[in-house]
Amino acid sequence: MFNAITHSQLYVLDQDQALDFYVGKLGLEVTADVDMGFMRWLTVGVPGSPDRHVLLERPGPPAMTEETAQQVRELLTKGVLGGPLILTTDDCRKTYETLLGRGVEFTEEPTERPYGTDCGLRDPFGNAIRFTQPHA
């Protein structure tokens, strides 16, 4: 039936601020930035991985009413909306140090786990992000 997952979605409160964070700090690249009139279709992805995109979407119409969008924004800023975005890296500790130098704030330092080394952070809007260096 299905053969790939191509897009995931995260809510963000400000798409330009999201670009600064996801591209400027995390080093992802813009894969689409399209003004559709009723919304901005903004996606990012890992450089060199063109088949997987993360949609950075502002909560609001046409997908939801303004009342619902306000509730989503409140949940987002509390950090309780949805599951984490999980990325992989070849060197968790080096990536951690690089991102610390770029001003990224972490919720958890690199920690050894049964599956590898990983750590946690939140984006400026409350979304949980983890990156992992899997065991070889």
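The values are calculated or read from the model by the stated rules, or taken from the named source; none is laboratory data. Quick caveat: nothing in here was measured; it's all calculated off a predicted structure. All Cβ positions, glycine included, derive from the backbone under ideal geometry; neighbour counts span all protein chains shown. When the accessible area is computed, the model is the full protein with side chains, heavy atoms only, and any ligands, DNA or RNA have been set aside. Shrake-Rupley method; radii C 1.70, N 1.55, O 1.52, S 1.80 Å.
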Exposed chymotrypsin sites (Phe, Trp or Tyr not before Pro) being those in a DSSP loop with at most 11 other Cβ atoms within 10 Å, the longest stretch of the chain free of them is 39-114
Whole number in Å², please: accessible area per residue of the stretch 88-132, 1.4 Å probe, ligands, DNA and RNA not counted.
54 Å²
Extension reserve of the MET64-LYS78 stretch, reckoned as 0.36 nm per residue once the Cα distance is removed
3.1 nm
DSSP-loop trypsin sites (Lys or Arg not before Pro) across the stretch 76-128, with at most 16 other Cβ within 10 angstrom:
ARG102
Which residues in the stretch 24-39 have a backbone N closer than 11 Å to a point placed 7 Å from the Cα of SER49 along the Cα-to-Cβ line?
28-29
The local net charge around GLN15, scoring Lys/Arg +1 and Asp/Glu -1 for residues other than GLN15 whose Cβ lies under 14 Å from its Cβ, equals -4
Simple spin-label estimate for GLU105 and ARG93 in nanometres, 7 Å along Cα-Cβ:
2.6 nm
Unit charges on C-beta of K, R, D, E only; dipole of the stretch 42-136, Debye
40 debye
